[in-house]
Amino acid sequence: MAVTNVGWGAPRIHGELLKLGIAICGSRVPLFMPKKTRKPPSQTWRTFLDNHLGSLASVDSFAVPMAAFRGLLVFFVLRHDRRRVVHFNITEFPCAAWTARQIIEAFPENTAPEHMFRDRDGVYGEQFRGRVERMGIEEALTAPRSPWQNRYAERLAAPLRRQCLDHVIVLGEKHLRGIVTAYLSYCHRSRTHLSPSKDAPEPRAVQPPEPGGIVELPEVGGLHHRCERLAARPASTDLTIVGKKGELCPAGDSAASSGPTGLPGFGVVARPNGVSSVKRRPHDARRTTWRRTVVSPG
């Protein structure tokens, strides 16, 4: 009965057994019923979001004070699939007409997403809402004073202020535009993110340890660095030689004449315990950074 009548439970089956003249206690019926097979698991909420990331975007804005005691507004548009900023702009006098133009510049042709998250800032006025509706974008508004509901945009704005803008004095709109451009370039090409499998928005290739030591390439004016294997370095750059199981050796040292780094005048002194930090040389109180132009073979 339980197999042929999937929706029947123990009380229903017990009633049928009684009508068939089978006297049995109702609490014993479940002991004779076959165990129900588990329903196939449905997709998780994470899977649902991953399948819709390509059609989601967020917009947000934040204020930046200048040295002249005036303020600038930074507006940006973020795509959720690769955490990539597709457009940003800066103005001192924001309005709904200005933000509406930014949406047009961010999504030309037929590249507009289906859904867009934003907060309830007054800068998204009637002209902005009308433009978004005509582009076929459905808006999703966050609750008042709930920035965590637009978390992808907030997770970009907060590090931008904490890791970059808090360390500089903004002199004007042109100066701020250059700083934000440099930081976004670093975020897109170098900075790893949790969601895209610890990768950057522009995927970075995994470099095996065989090529050699590690070099640090300064980004955002030296506030951040990108670590690369020595064999995969660009043709010309500022290099801080970290080395592979060794310490820094400037030109002239005996260990530098045939150093494994491949650069004339540089070498690595092997240390059995590996490298946990770079030793400072006795004659210099600072960590030495050399600027050399490295020409690739051929």
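Points to keep in mind about this one:
- Qualifying residue in region 30-37 (condition: of a type in the set (Phe, Trp, Tyr), within 30 Å of Gly7 (Cα to Cα) and either at pLDDT 90 or above or more than 21 Å from the chain's Cα centre (by Cα) (or both)): yes
- Arg79 being in contact (Cβ under 8 Å) with a residue 12 or more places away in the chain, out of contact with any Ser or Thr (no Cβ under 8 Å at 6 or more places or on another chain) and of a type in the set (D, E, K, R): yes
- Subset of region 178-234 (residues that are of a type in the set (D, E, K, R) and not in a helix (DSSP H, G or I)): Arg191, Lys198, Asp199, Glu202, Arg204, Glu210, Glu216, Glu219, Arg226, Glu228, Arg229, Arg233
- Single residue of Leu217, Leu171 found to be within 24 Å of Val74 (Cα to Cα) and of a type in the set (A, V, I, L, M, F, W, C): Leu171
- A residue that is loosely packed, with under 14 Cβ neighbours inside 10 Å and within 15 Å of Val85 (Cα to Cα) cannot be found anywhere in region 118-135.
- The lone criterion from (1) surrounded by fewer than 19 Cβ atoms within 10 Å (Cβ to Cβ); (2) in contact with a His (Cβ under 8 Å, 6 or more places away or on another chain) left unmet by Leu176 is number (2).
- Count - residues of region 82-97 that are in contact (Cβ under 8 Å) with a residue 24 or more places away in the chain and either within 17 Å of Pro159 (Cα to Cα) or not in a strand (DSSP E or B) (or both): 10
- Matching residues, region 167-209, being over 24 Å from Arg151 (Cβ atoms) and not assigned by TED's automatic domain parsing to the domain that holds Met66: Ala205, Val206, Gln207, Pro208, Pro209
The values are calculated or read from the model by the stated rules, or taken from the named source; none is laboratory data. Everything quoted here is computed from the prediction, not taken from an experiment. Cβ sites come from the backbone with ideal geometry, for glycine too, and all protein chains shown count toward neighbours.
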